[in-house]
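Before any comments, here is the structure.
Bear in mind these aren't lab numbers, they're just calculated from the coordinates by the rules spelled out. If you're wondering where the values come from, they're calculated on a predicted model, not measured in any experiment. No Cβ is skipped: glycine too gets one built from the backbone with ideal geometry, and neighbour counts run over all protein chains shown.
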Amino acid sequence: MTPDTLLWLALTYAQIALALAACLATLRMVRGPRAQDRVLALDALYIAIMLLFLVTGLRLGTPFLFEAALVISVGGFVATVTLAKFLLRGEVIE
């Protein structure tokens, strides 16, 4: 087995696993019994999508998906901080 074939198989497995993780996080976000569960599912979802973009960028050899992953990570962080502040205080802007 050549290193190229092994890398291709590893990236394929990673894409499948991350897509499954994103689907399960979406399911938890929809069915979550509490708001805290939904916020944690949103965190898991944006991390899985960000990693899926990175793995796809490695597989295709294009730098554009790395920039998209950076934008997703920053947006997800801002959303997490905003939702956490809303859950603690009941308002976002003081």
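Let me check I've understood the local charge: for VAL30, count other residues with C-beta under 14 angstrom from its C-beta, Lys and Arg +1, Asp and Glu -1. What total comes out?
Net local charge, VAL30 excluded: +3.
Can you tell me the order of 73-81, 14-22 when each peptide is scored by its average per-residue count of other Cβ atoms within 10 angstrom, highest first?
Listed from highest to lowest mean packing, they are 14-22, 73-81.
Once every DSSP H run of n ≥ 4 in the chain is given -39500 (n - 2.57) and the sum is divided by its residues, what mean residue ellipticity at 222 nm do you get, rounded to the nearest 500 deg cm²/dmol?
-31000 deg cm²/dmol
Using the Kirkwood radius built from alpha carbon pairs, what does the Stokes-Einstein equation give as D for the chain at 25 °C and 0.890 mPa s, in µm² per second?
It comes out at roughly 167 µm²/s.
Quick one: what are the phi-derived ³J(HN,Hα) couplings along the range 61-67, Karplus 6.51/-1.76/1.60 with θ = phi - 60°, whole Hz, x for glycine and proline?
3J(HN,Hα) across the range 61-67, in whole Hz: x, 10, x, 5, 6, 5, 5.
Across all directions of projection, what mean area in square nanometres is found for the Cα convex hull of the range 34-88?
Its Cα hull, projected and averaged over all orientations, spans 3.4 nm².
Give me a comma-separated list of calculated 3J(HN,Hα) values for the range 70-82, in order, Karplus coefficients 6.51, -1.76, 1.60 applied at θ = phi - 60°, integers in Hz, x for any Gly or Pro.
5, 5, 5, 5, 5, x, x, 5, 5, 5, 5, 5, 5
At what distance in nm do the modelled label points of PHE86 and LEU20 sit from each other, each positioned 7 Å from its Cα along Cα→Cβ?
According to this spin-label approximation, the distance is 3.2 nm.
Sorted by mean Cβ packing within 10 Å, highest first, what order do the peptides 39-47, 5-13 take?
Listed from highest to lowest mean packing, they are 39-47, 5-13.
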